[in-house]
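The values are calculated or read from the model by the stated rules, or taken from the named source; none is laboratory data. This is a predicted model, so every value here is computed, not measured. Virtual Cβ from ideal backbone geometry, glycine too; neighbours counted across all protein chains shown.
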Amino acid sequence: PKRPPPPAAVARVVRADIAHAADDLLRRPSAQRTNIGAALAFDGFSAGERHLGADLYFTYWLAPLVGLELSVGARRGLAVSSRNGSMQATALGGAFGVLLRPLRWQHAAIAAGASLRVVGVVFRGAAVDASAALASSDTGLAVSARARAGGLFTVGRLQLRVFGGLGAPIAGVAGTDDGERVSAVSGLEIFGQLGVGFAL
């Protein structure tokens, strides 16, 4: 009869099988627990502002269904005409919230989430000419509660994302010119995001 392999040989085979299985598991999209990436972003507010910018985000999946996400980003508003010239807003801040993947496939998932967003906003005015009063410079914090939905598409460790959503104001910031309100980061918010990230 054949002799059983020595214990050392068995151990090597078992270790190799475990390593292969672990590597295969880590390559699956469902096993990628941490994602970092960057995204182009658009924010529009019913009070008048339209912002373009970008975000950096970090996502940690607590389970295949639910994860936590932190993002930071900057925005630049489109110029808005005012009584004495024009105003333009800049915003810097971030958001923290929950992200869900209720429907998942091998390389794609439907995702939805909710978050709280806080940004510091600065409105800067520019006068038309030297004889006009200089438009005001207004600053403040804008806070909103957001809900979004979209898709996640995975190729190896590369992940593409597309999101759209709505935001409800908690606190807003308005830009004024000579005491007259020109535009504001407040009211109903519509936003979108297109990004690319990597699984760690």
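If you take the residues in region 60-69 that are assigned to a strand (DSSP E or B) and not aliphatic (A, V, I, L, M), which one is farthest from THR139 (Cα to Cα)? Ranking the candidates gives TRP61 first.
Quick grid of which residues meet (1) farther than 21 Å from ALA95 by Cβ; (2) hydrophobic (A, V, I, L, M, F, W, C); (3) at pLDDT 95 or above; (4) crowded, with 18+ Cβ neighbours inside 10 Å:
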residue: VAL128; (1), (2), (3), (4): yes, yes, no, no
residue: ALA132; (1), (2), (3), (4): yes, yes, no, no
residue: ALA135; (1), (2), (3), (4): yes, yes, no, yes
residue: ALA142; (1), (2), (3), (4): no, yes, yes, yes
residue: ALA149; (1), (2), (3), (4): no, yes, yes, no
residue: GLY156; (1), (2), (3), (4): yes, no, no, no
residue: LEU166; (1), (2), (3), (4): no, yes, yes, no
residue: GLY195; (1), (2), (3), (4): no, no, yes, yes
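The combined condition, being touching a Phe, Trp or Tyr at 6+ places or on another chain (Cβ under 9 Å), farther than 22 Å from PHE58 by Cα and not polar (S, T, N, Q), is fulfilled by GLY175. Is it the case that some residue within region 24-38 is modelled with pLDDT of 95 or more and crowded, with 17+ Cβ neighbours inside 10 Å? Scanning region 24-38, I find at least one residue that is modelled with pLDDT of 95 or more and crowded, with 17+ Cβ neighbours inside 10 Å, so the answer is yes. Select from region 172-193 the residues that are farther than 21 Å from ALA74 by Cβ, part of a strand (DSSP E or B) and either modelled with pLDDT of 95 or more or touching a strand residue (DSSP E or B) at 6+ places or on another chain (Cβ under 8 Å) (or both) and list them in ascending order. Matches in region 172-193: THR176, ASP177, ARG181, VAL182.
Determine whether ALA108 is of a type in the set (Gly, Ala, Ser), farther than 18 Å from GLY44 by Cβ and in contact with a strand residue (DSSP E or B) (Cβ under 9 Å, 6 or more places away or on another chain). Taking the combined requirement at face value, the residue satisfies it.
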